There are 2 protein chains.
Amino acid sequence: MKMMTIGKAAGKAGVGVETVRFYERQGLIEQPPKPINGGYRDYPEETVLRIRFIRQAQELGFSLREIAELLSLNADPSTDCADVRERAQGKLMEVERKIAQLDRMRLALERLIAACPGQGALKACSIIEALKGGEGVAAKPTQDKETTP
Amino acid sequence: MKMMTIGKAAGKAGVGVETVRFYERQGLIEQPPKPINGGYRDYPEETVLRIRFIRQAQELGFSLREIAELLSLNADPSTDCADVRERAQGKLMEVERKIAQLDRMRLALERLIAACPGQGALKACSIIEALKGGEGVAAKPTQDKETTP
DNA sequence: CTTGACACCGTACTATTATACGGAGTGTAG
DNA sequence: CTACACTCCGTATAATAGTACGGTGTCAAG
């Protein structure tokens with residue numbers, strides 16, 4: 001039977017061997033047991049999928065800690081369902097917020113592209129305006145007390 | 001006239017003073033000139049907007065380097081329009097890819113939440129499957145040569 | 001049975017993104 | 001005019017996410 005060593009697994013997932021080991025140390029993926037008689041570990045296909053998930057999620061702005069939380073939703077069909085549900089709902093809200101923000105950015109970029117070759121009136125569309133609404137979850141800005149007495 | 005010191009600007013943007021200085025050093029925001037007779041710098045409102053944009057974009061998975069690229073699209077109505085347009089189109093594709101990925105994750109989370117309280121058949125929906133399609137731009141996985149000779 | 005590529009493992013180094021510290025200067029409320 | 005908070009600037013330290021290195025062990029092709 002074909003044996004998947006760490007190098008093969010890393011290759012299939014598109015990362016380096018050291019990265020796989022790093023994720024193991026962080027508890028993001030499980031290290032397969034070392035064969036009883038010594039020798040090389042055999043990685044299951046699932047590890048490859050997990051690593052790919054991790055990389056994709058990173059590109060979407062999740063930290064490894066957050067990704068661990070996402071993966072934990074997946075991992076335990078045995079654990080308290082209501083708890084998983086609640087955490088999933090939190091993540092869902094986060095995801096929806098990101099989608100909304102990206103959609104604003106998409107619109108801004110589209111406007112920018114549209115405005116570009118037509119006339120010189122490029123000044124009209126500011127990328128910065130794109131993400132105006134939808135505050136991040138933490139660290140609210142201090143209120144600007146209006147000079148309107 | 002009201003003067004916005006670095007602390008005020010940082011507060012309005014929801015970051016610390018040190019972070020503002022850091023962004024200045026990175027060239028993400030411009031440091032206002034020091035008043036001729038010494039004293040404190042006066043930050044324009046635009047700086048606050050830029051900082052907020054930076055934080056939002058970071059949550060969407062852009063690095064500071066990428067954010068600098070995004071901001072540069074905004075900055076120069078004078079520069080070569082075709083170039084700006086091209087870069088904007090690249091960013092747009094990136095944004096659309098992210099949206100698609102997040103949409104998959106959203107669906108997976110919704111399925112997870114829906115599957116949760118009904119029956120114990122939670123096993124059915126794997127978060128990991130959510131991001132299957134849509135490879136990241138770089139680092140393609142090595143091809144798994146099928147054992148089908 | 002040797003040789004070369006890779007696994008194993010611990011430790012060290014790097015890049016990115018901040019945060020903290022310390023000493024001197026500045027602005028303002030009382 | 002003094003106390004206190006805040007700015008300024010340079011340097012130091014930290015957290016996150018890897019990446020590299022070096023010595024030893026293992027496997028498999030020739």
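Do we have A:I54 as open to solvent by less than 30 Å² (accessible area, probe 1.4 Å), in a helix (DSSP H, G or I), within 13 Å of another protein chain (Cβ to nearest Cβ) and under 30 Å from B:D103 (Cα atoms) here? When the stated conditions are applied, A:I54 passes them. The residues on offer are B:S63, B:S72, and the sole one that is away from DNA strand C (no atom under 12 Å from the Cβ) and open to solvent by 10 Å² or more (accessible area, probe 1.4 Å) is B:S72. Screening B:Y23 against (1) under 19 Å from A:G61 (Cβ atoms); (2) within 12 Å of DNA strand C (Cβ to nearest atom); (3) open to solvent by 20 Å² or more (accessible area, probe 1.4 Å) leaves a single unmet condition, (3).
Among the residues making up segment A:34-51, those that are modelled with pLDDT of 95 or more, within 11 Å of DNA strand D (Cβ to nearest atom) and assigned to a loop (DSSP other than H, G, I, E, B) are A:Y40, A:R41, A:D42. When you scan segment A:58-81, do you find a residue that is at the interface with another protein chain (Cβ under 8 Å from one of its Cβ atoms) and of a type in the set (D, E, K, R), even just one? Yes - at least one qualifying residue is present in segment A:58-81. For segment B:28-51, filtered to residues that are within 11 Å of DNA strand C (Cβ to nearest atom) and under 19 Å from the mean Cα position of the chain (by Cα), the residue that is farthest from B:T5 (Cα to Cα) is B:L28. Where the second residue is open to solvent by 10 Å² or more (accessible area, probe 1.4 Å) and β-branched (V, I, T) and the first is within 7 Å of chain A (Cβ to nearest Cβ) and lies in segment B:87-106, which pairs have Cβ atoms under 7 Å and are six or more apart or on separate chains? Pairs that qualify, where the first residue is within 7 Å of chain A (Cβ to nearest Cβ) and the partner is open to solvent by 10 Å² or more (accessible area, probe 1.4 Å) and β-branched (V, I, T), are B:A88/A:I113; B:Q89/A:I113; B:L92/A:I113; B:I99/A:I99; B:L102/A:I99; B:D103/A:I99; B:R106/A:I99.
The residue pairs whose first member lies in segment B:30-51 and is more than 13 Å from B:A10 (Cβ to Cβ), whose second member is open to solvent by 60 Å² or more (accessible area, probe 1.4 Å) and among the basic types (K, R), and whose beta carbons are closer than 6 Å, counting only pairs six or more residues apart or on different chains, are B:P32/B:R41; B:K34/B:R41.
The values are calculated or read from the model by the stated rules, or taken from the named source; none is laboratory data. Fair warning: this is a prediction, and the values are worked out from it, not measured in the lab. All Cβ positions, even for glycine, are placed from backbone atoms using ideal geometry, and neighbour counts span all protein chains on display. Just the protein is used for accessible areas: all its heavy atoms, side chains included, with ligands, DNA and RNA removed. Shrake-Rupley method; radii C 1.70, N 1.55, O 1.52, S 1.80 Å.
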